[in-house]
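Novice: Before anything else, here's the structure in question.
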Amino acid sequence: MPIKSDLWIRKMAKEHRMIYPFAERQVKKNKISFGLSSYGYDMRVSDEFLVFSNVTTSIVDPKKFDKRFLVKIKGKCCIIPPNSFALAKTVEYFKIPRNILTICLGKSTYARCGIIVNVTPFEPEWEGYATLEISNTTPLPAKIYAFEGIAQIIFLEADQECETSYKDKKGKYQHQKDITLPRI
């Protein structure tokens with residue numbers, strides 16, 4: 001499975017709107033960098049966050065998710081409490097080709113502060129805004145900056161197209177427009 005280069009990513013973004021909006025170069029000035037890199041794309045986090053709060057002293061259950069755990073925040077930044085996490089969405093909308101799988105890795109700038117980004121792979125023919133989980137593993141509050149880099153996507157090309165894509169199986173997270181909570 002070869003990794004795709006900046007030239008391929010740029011072409012796919014322009015011709016097929018694989019990433020929209022698309023930053024053709026790394027944007028760095030006074031920001032956590034985002035945009036096209038040598039072999040990937042650094043995506044941004046939007047200004048919409050759902051921060052977890054344990055006011056009900058209950059259990060987080062992916063089969064019966066309780067929205068009362070969440071506090072909506074919209075702004076230039078988000079403060080995540082110690083040992084907690086937030087859900088957010090990307091600025092970019094993605095349309096993954098049928099022969100491509102992505103791997104997403106958190107940016108080292110945040111990782112060096114104890115802030116971990118968990119995103120599942122974008123499967124072939126998945127489309128939408130990605131929902132991100134941003135964990136603050138520290139005993140201190142952590143600040144996340146909206147409209148700045150949060151994670152890098154690496155694009156892997158298969159030697160043949162998959163038999164069943166995410167679109168074919170009508171995946172439950174297809175065409176996400178907002179932060180999407182767990183579904184069964």
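The values are calculated or read from the model by the stated rules, or taken from the named source; none is laboratory data. Bear in mind that the values here come from a model prediction, so they are computed numbers and not experimental data. Please note: Cβ atoms are built from the backbone with ideal geometry, for glycine as well, and neighbour counts cover all protein chains shown.
Novice: Being of a type in the set (S, T, N, Q) and in contact with a Ser or Thr (Cβ under 9 Å, 6 or more places away or on another chain) narrows it down to one of Asn54, Asn99, so name that one.
Specialist: None of the others qualify; the one that does is Asn54.
Novice: In segment 43-52, which residues are more than 11 Å from Val91 (Cβ to Cβ) and either assigned to a loop (DSSP other than H, G, I, E, B) or of a type outside the set (Phe, Trp, Tyr) (or both)?
Specialist: Filtering segment 43-52 down to residues more than 11 Å from Val91 (Cβ to Cβ) leaves 49-52.
Answer for segment 43-52, where residues must be more than 11 Å from Val91 (Cβ to Cβ) and either assigned to a loop (DSSP other than H, G, I, E, B) or of a type outside the set (Phe, Trp, Tyr) (or both): Leu50, Val51.
Novice: Considering only segment 106-120, I want to know if a residue exists there that is free of Cβ contacts under 8 Å to residues at least 12 places away in the same chain, among the charged types (D, E, K, R) and surrounded by fewer than 20 Cβ atoms within 10 Å (Cβ to Cβ).
Specialist: Step one: filter segment 106-120 for residues free of Cβ contacts under 8 Å to residues at least 12 places away in the same chain, giving 108, 111-112.
Subset that is among the charged types (D, E, K, R): 112.
When the remaining residues are screened for being surrounded by fewer than 20 Cβ atoms within 10 Å (Cβ to Cβ), the result is 112.
Yes, the conditions are met somewhere in segment 106-120.
Novice: While we're on this one: Which of the residues spanning segment 97-140 are among the acidic types (Asp, Glu) and out of contact with any His (no Cβ under 7 Å at 6 or more places or on another chain)?
Specialist: Glu123, Glu125, Glu133
Conditions tested, residue by residue: (1) within 19 Å of the chain's Cα centre (by Cα); (2) in a strand (DSSP E or B); (3) under 23 Å from Glu125 (Cα atoms).
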{"position": "Leu7", "(1), (2), (3)": "no, no, yes"}
{"position": "Lys11", "(1), (2), (3)": "no, no, yes"}
{"position": "Lys14", "(1), (2), (3)": "no, no, yes"}
{"position": "Phe22", "(1), (2), (3)": "yes, no, yes"}
{"position": "Lys31", "(1), (2), (3)": "yes, no, no"}
{"position": "Gly35", "(1), (2), (3)": "yes, yes, yes"}
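Novice: Please give the number of the condition Thr131 fails out of (1) crowded, with 17+ Cβ neighbours inside 10 Å; (2) touching a residue at least 60 places away in the same chain (Cβ under 8 Å).
Specialist: Single failed check for Thr131: (2).
Novice: Could you say which residue among Ser38, Ser33, Ser58 is more than 22 Å from Lys177 (Cβ to Cβ), at pLDDT below 90 and either crowded, with 20+ Cβ neighbours inside 10 Å or of a type in the set (Gly, Ala, Ser) (or both)?
Specialist: Among Ser38, Ser33, Ser58, only Ser58 is more than 22 Å from Lys177 (Cβ to Cβ), at pLDDT below 90 and either crowded, with 20+ Cβ neighbours inside 10 Å or of a type in the set (Gly, Ala, Ser) (or both).
Novice: Can you tell me how many residues within segment 112-147 are part of a loop (DSSP other than H, G, I, E, B) and farther than 30 Å from His16 by Cα?
Specialist: 8
Novice: Right, something else. Within segment 155-164, identify whether any single residue is touching a residue at least 60 places away in the same chain (Cβ under 8 Å), closer than 30 Å to Asn30 by Cα and touching a helix residue (DSSP H, G or I) at 6+ places or on another chain (Cβ under 8 Å), and answer yes or no.
Specialist: We begin by selecting, within segment 155-164, every residue touching a residue at least 60 places away in the same chain (Cβ under 8 Å); these are 155-162.
Checking the rest, the ones that are also closer than 30 Å to Asn30 by Cα come to 155.
Now restrict to residues that are touching a helix residue (DSSP H, G or I) at 6+ places or on another chain (Cβ under 8 Å): 155.
Yes: segment 155-164 contains one or more residues that are touching a residue at least 60 places away in the same chain (Cβ under 8 Å), closer than 30 Å to Asn30 by Cα and touching a helix residue (DSSP H, G or I) at 6+ places or on another chain (Cβ under 8 Å).
Novice: For segment 1-30: of the residues being of a type in the set (Lys, Arg) and within 23 Å of Glu161 (Cβ to Cβ), which is surrounded by the most Cβ atoms within 10 Å (Cβ to Cβ)?
Specialist: Lys4
Novice: Output the number of residues of segment 146-184 satisfying the condition of being surrounded by fewer than 17 Cβ atoms within 10 Å (Cβ to Cβ) and under 20 Å from Phe85 (Cα atoms).
Specialist: Residues that pass the stated criteria total 6.
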